[in-house]
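Taking it in order: structure first as structure tokens, then the write-up.
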Amino acid sequence: MSEITVAQFSDRFVALVLGARDLPKRQLDFNILLLSAVLRLESGREYSEGELNAELQRWILSFGANFGLDHVTLRRFLIDEKYVRRDPAGKAYQLDRAGPRFTYDPEVRSLDLRLLVAEARQERAKRKQQYMEQSGQ
């Protein structure tokens, strides 16, 4: 089982959110996206389908616009990859204790994803400005 480090998660998540135009093909990148979608979910808490859908829709609005995902497809990926488990009746969802094939540094849960993306955007704008100044434009 591979572990996703904080640095690896941060770098790849930002690159995916800011640069991707489709779901990533690399399994690690795909799992980083899925992990990011469940970071706000509480361990041990049972979510109704509506509550889970609302959380996933928030994630899509914040980070998932470039991936062509809706909350239903995202929920299916999360279940298939064992990030989330659904009860037999299909009415309640929880983080899956068995877990996905990738483990991650617990510090990943404390990351502020919005801040990560905002800082990366600022850094890109700064580099662009420096380039423009150096090239005389």
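The table for this structure:
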read-out: Candidate set from the range 110-125 (those that are under 12 Å from V17 (Cβ atoms), under 14 Å from the mean Cα position of the chain (by Cα) and not basic (K, R)); member that is surrounded by the fewest Cβ atoms within 10 Å (Cβ to Cβ); value: V117
read-out: Filter pass, S48 being loosely packed, with under 14 Cβ neighbours inside 10 Å, among the hydroxyl-bearing types (S, T, Y) and modelled with pLDDT under 95; value: no
read-out: Failed condition for F13, given (1) surrounded by fewer than 14 Cβ atoms within 10 Å (Cβ to Cβ); (2) of a type outside the set (G, A, S); (3) at pLDDT 95 or above; (4) closer than 19 Å to N66 by Cα; value: (1)
read-out: Residue list for the range 96-118, restricted to those being among the acidic types (D, E) and closer than 21 Å to I60 by Cβ; value: D96, D112
read-out: Scope the range 18-59; condition within 13 Å of the chain's Cα centre (by Cα) and farther than 23 Å from G99 by Cβ; matching residues; value: L18, A20, Q57
read-out: Which numbered condition T103 fails, given (1) of a type in the set (V, I, T); (2) assigned to a strand (DSSP E or B); (3) under 26 Å from R121 (Cα atoms); value: (3)
read-out: Close pairs from the range 109-127: first farther than 12 Å from F13 by Cα and modelled with pLDDT of 95 or more, partner assigned to a helix (DSSP H, G or I) and not aliphatic (A, V, I, L, M), Cβ under 8 Å, at least 6 apart; value: none
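The values are calculated or read from the model by the stated rules, or taken from the named source; none is laboratory data. This is a predicted model, so every value here is computed, not measured. Here Cβ is always computed from backbone atoms with ideal geometry, including for glycine, and neighbour counts include all displayed protein chains.
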